[in-house]
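In what follows, a single structure is set out as structure tokens and then discussed.
Throughout, read-outs are computed from the coordinates displayed, never taken from laboratory work. Everything numeric in this text was worked out from a predicted model, so none of it was measured. Virtual Cβ from ideal backbone geometry, glycine too; neighbours counted across all protein chains shown.
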């Protein structure tokens with residue numbers, strides 16, 4: 001991978017995290033969580049696509065299709081897991 005593809009991937013994954021945050025709302029902590037989940041999901045999808053030779057919607061060496069799917073899976077599962085409320089016994 002080249003430096004421009006890393007920069008493009010970072011920009012796209014940041015866009016996914018902020019767009020999800022705008023859609024679902026929340027405070028600064030939620031924004032940070034969504035950004036991290038977007039980044040981790042995107043780069044994990046990129047790694048999986050490269051390792052297994054999978055790919056669709058490729059932009060040069062960037063496996064945009066697989067990375068996008070993984071990013072949205074991470075964002076959705078992180079949102080779902082963050083909705084759990086803990087009840088404390090008195």
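Each Cα pair under 8 Å and six or more residues apart adds its separation to the average, and for region 3-82 the resulting relative contact order is 31 percent. To the nearest ten degrees, helix 64-82 and the longest principal axis of the Cα atoms of the chain are 10 degrees apart. Once the Cα atoms are used to define both axes, helix 28-52 deviates from the longest principal axis of the chain by about 40 degrees. Given their separation in residues at 0.36 nm each and the Cα-Cα distance between them, residue 36 and residue 51 gain 3.2 nm when the chain is fully extended.
Can you work out the PRE-style zone for residue 2? Point 7 Å along Cα to Cβ, and I want the residues of region 48-66 with backbone N under 16 Å. Counting backbone N atoms under 16 Å from the label point, the list is 58-64.
Using only the alpha-carbon atoms, how far is helix 3-24 inclined from the longest principal axis of the chain? Give it as 0 to 90 degrees, nearest 10. It is inclined by approximately 30 degrees. In the calculated pair-distance distribution of the chain, the portion above 17 angstrom amounts to 48 percent of the Cα-Cα pairs.
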